[in-house]
Amino acid sequence: MIVVSQNTFELKTENTSYIFTTGENNELLHLYYGAALSLESDGRQALLQKWSNQNGCSIVHDEAGNKRCPDDEKYEISAPGTGDVKTPMAALRYTDGGTTGDFRFESYEIKDIAEVAKAHEESGLPHTHTKTRGEKNALVVTLKEKKTGVVMKLVYCVYEDCDCITRSCEVCGNGAPVTVEALYSLQLDLDADAVKVSSFHGDWGREMDKCDVMLSGGSFVSGSRTGNSSNHANPFVMYGEPCVCETSGECYATNLIYSGDHRESVEFGGHGKARILTGINPDFLGFTLSENEIFTAPEAVMTYSSSGYRGISKNMHAFVRSHVVRGNWQYKERPVLLNSWEAAYFKITEHKLLKLARAAKDVGIELFVVDDGWFGKRNDDTSSLGDWYDNKEKLPDGIGALSKKIKDMGLMFGIWVEPEMVNEESDLFRAHPDWAVRDAARTQALGRNQMILDLSKTEVQEYIIETMSDVFERSHADYVKWDMNRNFSDRFSAGRDSEGQRRLPHSYILGLYRVMRELTKRFPDILFEGCASGGNRFDLGILSFFSQIWASDDTDAAERCRIQAGYSYGYPQSTWSAHVSASPNHQTLRSTPLETRFAVASMGVFGYELNLCDLSADELKEIETEVEIYKGIRRTMQFGDFYRLGGSVCADSFEGYTAGFLGSRLENALLRACVVSPDKKDAVGILVNGTVRANYSHTGFRFAGLDDKALYHMVNRPRKFDVRVMGDLVNTMAPIHIKQDSALHRMVARFVKLDGETEDYRVSGSLLNNAGVSLAQTFAGVGYGENTRIYKDFEARMYFATEERDTAG
């Protein structure tokens, strides 16, 4: 809801209020963002900062004579030259060389979100959406620079259902050229003595490590310079009070709906105020607008929670699902897939792929994906990107015939492409060397032996649209994995002047969005999955077109606990995909049980990526069971409410949690989490062990988010264990001596299985939420008894809670 009274603007969601007003000089002053409140009676005056004296040597910029000092004020928009010495939201340079920005309020309009979304998308950028029509929840505020007449518009969209507000910004020279040196999408000025900044960093194979910094002075900056949103610094950032933790404390979060270079910053001045900025990295702006050209900054989203990180995640998950992701797959359950990459890498043939597909069908998998190596002369990563014709040596009858054979088995068919790239060893590069982003006069910089196609050029966009349309049509694809395997380095566009070179980074992203927009429009039934060497471009811009993104090339279950927990702070499970792969893992050489790999991968969009044809009968039977289990819980796992639980390396240690059956520092859990269906009738809990601590045998498991008044039936997954897990301890039970790893040991293992523990309780939701269940005792080195929990390094457990009646007795 948007309420305007005497140029005071209240943006109201179900649980929050965002308030700003015009000052006596017609500047925009930020008053408040936080828990919902009423402005009745003297509310505006109560929130306004009072001025009667100048602050020491601070600059005064106040025509009304109120001694207002900009470096000690909260603003909706800031610019250089008026005394505000913190980093400005807008930095413009005018034709006379001046940079002062004195933007004054001119007017406002309240519009339908669909109307402002359409206008925003005309710039080439994606915009959030709503299915509600006629509800005017968008505010457009127009400001004008006092001397030059440059026009700025701030656009706010209020999403009441998920306590989120978006903001974007545009500038126009209004008849005169203007150079855009910086234009952030969102500025949030807060009263604060200290801020705990939580940002997410990493690299290839270890995305989304949560990093906390306590800031009480100076500045914090995070961002990317790689041409994409990057695995080095995701654009999602949280800002909390110093005591904020998982379940308590005030906290804000922002994210940017953009896939290119970005920057987020927090900066303190000298007066107990912090400024948060998020937007395009200004290092890659600096271009000049013609007289009436409009530059539009990407949309950014902000949210507030009084209940710690958990509240932030609840809001952001709902926002992304409802207002970012769109199309036929927005709420549609995603199929269980098998991807050929780690099963065969480039060494694919039609015979191998059909054999693998038959094995997939036999265990209940629904979608078979042919990864890299099917096109051109692609036998390794040195050639053929850009040449999207069938490799007839590997696929004699072509990709279309292979697709038909796989679909005739009753499977869906998927295909891998990397349309934004070109190899020097390719027909495309030989024909169009000027299509590559490179300076031909310099030593070539390559990443994975490839160059980036210049999507700032319309002819390159058209080539990708038409070649990909041909690939999708002739392969009859149901699913497309869209990869992008290198960063930008030498940013140079052949044939462009210096102004064109400055525009290249942003123009590339706009070109990419045009390509994705057109292809998703042409092929609305295809499930598109974004990928960029894993999570190198995991952002809301990509999710505006593709329903899910490959979270990381690292499929190791232990690593994925950290990676997926990182994503869970700002992105719902339906947006990140996860696969069960081989053991030892191909990225870490770590061995983990198949059941653990399943438990961890089931938290996202689920699939497999290993050679089923090399597995034993027992392993195939296990996978068949896993697929059956996942199909039964799929709706909950993909679209349920995700809760990070205490007592693991993937939650905030033990801050904000009470003692009980939650876990202990001695337990060394890698992950404790649960997912609860929106109606609270079903829940799945997951517990993943790290390395075993000796003689620590009792722990428990506690859910979150269940209906306190309902009665639930909680069970674990029944397990049988290979007797060989006990090593030569088998001799404490065997009537004859059995040499470890001998033929006799293997023969006994075929017929003798150890029973796993049983957890079976009918208990109230309040018990599961607040106390939890005391689990069976873990093997502690002094014997194996009835209902002992065998819980080795990197073992996992899954617990299922199903509502039996609405109200507990």
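Taking every DSSP bridge with both residues inside the chain, close to 80 percent are antiparallel. Which net charge results for the neighbourhood of ILE19, defined as the other residues with beta-carbon distances under 10 angstrom from its beta-carbon, given Lys and Arg at +1 and Asp and Glu at -1? With Lys, Arg at +1 and Asp, Glu at -1, the neighbours total +1.
Karplus-based coupling profile of the stretch 344-349, in residue order and whole Hz: 9, 6, 7, 7, 9, 9, with θ = phi - 60° in 6.51 cos²θ - 1.76 cosθ + 1.60 and x standing for Gly or Pro.
Computed over neighbours whose Cβ is under 11 Å from that of GLU425, the net charge equals -2, Lys and Arg +1, Asp and Glu -1. To the nearest 10, the accessible area of HIS579 is 10 Å² with a 1.4 Å probe. Around the amide H of GLY700, modelled in the peptide plane, lie the amide H atoms of GLY663, LEU775, all under 5 Å away and 5 or more residues distant in sequence or on another chain. Under the rule a/c < 1.5 gives rounded, and otherwise a/b versus b/c splits prolate from oblate, where does the stretch 177-228 land using the Cα gyration tensor? It is oblate, given that a/c is not under 1.5 and a/b is not larger than b/c. Legend: calculated FRET efficiency, GLN6 to VAL60, from the Cβ-Cβ distance at R0 = 22 Å, rounded to 0.05, equals 0.30.
Please give me the summed charge of the neighbours of MET214: other residues whose Cβ is under 13 Å from its Cβ, Lys and Arg +1, Asp and Glu -1. Can you show the working numbers first?
Details: positive: LYS196; negative: ASP193, ASP212, GLU241.
It works out to a net charge of -2.
When the expected Rg is taken as 2.2 N^0.38 Å, what fraction or multiple of it is the alpha-carbon Rg of the stretch 327-395?
Values: Rg = 14.0 Å, N = 69, 2.2 N^0.38 = 11.0 Å.
So the stretch 327-395 has a normalised radius of gyration of 1.27.
With the Cα gyration tensor of the stretch 1-140 giving a ≥ b ≥ c as the square roots of its eigenvalues, does the rule (a/c under 1.5 for rounded; else a/b larger than b/c for prolate; else oblate) give rounded, prolate or oblate? Oblate shape, in that a/c is at least 1.5 and b/c is the bigger or equal ratio. Distance between the pseudo-spin-label points of ALA35 and ASP408 (7 Å out from Cα toward the beta carbon): 6.6 nm.
So which of LYS404/LYS457; LYS12/LYS709; LYS314/LYS681 end up more than 28 Å apart, counting from Cα to Cα? Can you show the working numbers first?
Working: LYS404/LYS457 35 Å; LYS12/LYS709 31 Å; LYS314/LYS681 18 Å.
Distance filter (> 28 Å) returns LYS404/LYS457; LYS12/LYS709.
Candidate cross-link partners of LYS394 among the aspartates and glutamates, defined by an alpha-carbon separation under 14 Å and a same-chain spacing of 8 or more, comprise GLU350, ASP371, ASP372, ASP380.
Solvent-accessible area of the chain (1.4 angstrom probe, protein heavy atoms only): carbon and sulfur portion equals 49 percent. Spin-label model, MET214 to ARG522: label points 7 Å out along the Cα-to-beta-carbon direction sit 5.6 nm apart.
If you take the beta carbon distance between GLN501 and ARG805 as r and set R0 to 60 Å, what does 1/(1 + (r/R0)^6) give as a FRET efficiency, to the nearest 0.05?
Efficiency, from the Cβ-Cβ distance: 0.35.
List the pairs from LYS347/LYS621; LYS355/LYS377; LYS361/LYS720 whose alpha-carbon separation is above 32 Å, in the order I gave them. Let's see the in-between values first.
Working: LYS347/LYS621 26 Å; LYS355/LYS377 23 Å; LYS361/LYS720 25 Å.
Long pairs (Cα-Cα over 32 Å): none in the table.
With 0.36 nm allotted per residue and the present C-alpha distance subtracted, the LEU446-LEU729 stretch has 96.4 nm of extension available. For THR16, the residues whose modelled amide H falls within less than 5 Å of its own, excluding neighbours fewer than 5 places apart on the same chain, are ALA36. A cut-off of 5 Å between modelled amide H atoms, ignoring neighbours fewer than 5 places along the same chain, links GLU759 with ASN716. Taking the C-alpha atoms only, the angle from helix 557-568 to the longest principal axis of the chain is near 30 degrees. Against the chain, whose longest principal axis is taken from its Cα atoms, helix 458-475 shows a tilt of about 30°.
With θ taken as phi - 60° and the Karplus curve 6.51 cos²θ - 1.76 cosθ + 1.60 applied, the whole-hertz 3J(HN,Hα) list for the stretch 724-735 is 6, 4, 7, x, 7, 5, 4, 6, 6, 10, 6, x Hz, x standing for glycine and proline. Treating each Cα of the stretch 730-797 as one equal point scatterer and applying the Debye formula with no solvent, the log10 of I(q)/I(0) at q = 0.15 Å⁻¹ comes out as -0.68. Using +1 at the Cβ of each Lys and Arg and -1 at the Cβ of each Asp and Glu in the stretch 367-460, identify which of PRO419, ALA436, GLY447 lies farthest towards the dipole's positive end. Highest projection toward the positive end goes to PRO419.
Checking the a/c ratio against 1.5 first, then a/b against b/c, what shape does the Cα gyration tensor give for the stretch 290-421?
On the way: a/c = 2.84, a/b = 1.61, b/c = 1.77.
In terms of gyration-tensor shape, oblate.
Taking all protein chains into account, the per residue accessible area for the stretch 177-301 stands at 28 Å² (1.4 Å probe).
Output the antiparallel fraction of DSSP beta bridges having both residues in the stretch 327-447, as a percent to the nearest 5. Taking every DSSP beta bridge within the stretch 327-447, about 10 percent pair in antiparallel fashion. For LYS67, the lysines whose Cα comes closer than 16 Å to its Cα, not counting residues fewer than 8 places off in the same chain, are LYS50.
Dipole orientation for the chain: of the candidates GLY410, THR142, ILE542, GLY410 has the Cα lying most toward the positive pole (charges on Cβ; Lys, Arg +1; Asp, Glu -1). Between the stretch 42-96 and the stretch 5-25, the alpha-carbon centres lie 18 Å apart. Across the chain, C-alpha contacts under 8 Å between residues 6 or more apart give a mean separation that, scaled by the residue count, equals a relative contact order of 9 percent. The calculated 222 nm mean residue ellipticity attributable to helices in the chain amounts to -6000 deg cm²/dmol, summing -39500 (n - 2.57) over DSSP H runs of n ≥ 4 and dividing by all residues. Of the residues CYS172, SER198, LEU186, the one whose Cα sits farthest towards the positive end of the charge dipole of the stretch 161-208 is CYS172 (charges of +1 on Lys and Arg Cβ, -1 on Asp and Glu Cβ, taken about the Cα centre).
Through the Karplus equation 6.51 cos²θ - 1.76 cosθ + 1.60, θ set to phi - 60°, convert the phi angles of the stretch 266-274 into ³J(HN,Hα) values in whole Hz; use x for Gly and Pro. Once θ is set to phi - 60°, the couplings for the stretch 266-274 become 10, 9, 9, x, x, 9, x, 9, 10 Hz.
The values are calculated or read from the model by the stated rules, or taken from the named source; none is laboratory data. A quick note: this is a predicted structure, and the numbers were derived from the prediction, not measured. Virtual Cβ from ideal backbone geometry, glycine too; neighbours counted across all protein chains shown. Accessible surface is based on the protein model in full, side chains and every heavy atom, while ligands, DNA and RNA are left aside. Shrake-Rupley method; radii C 1.70, N 1.55, O 1.52, S 1.80 Å.
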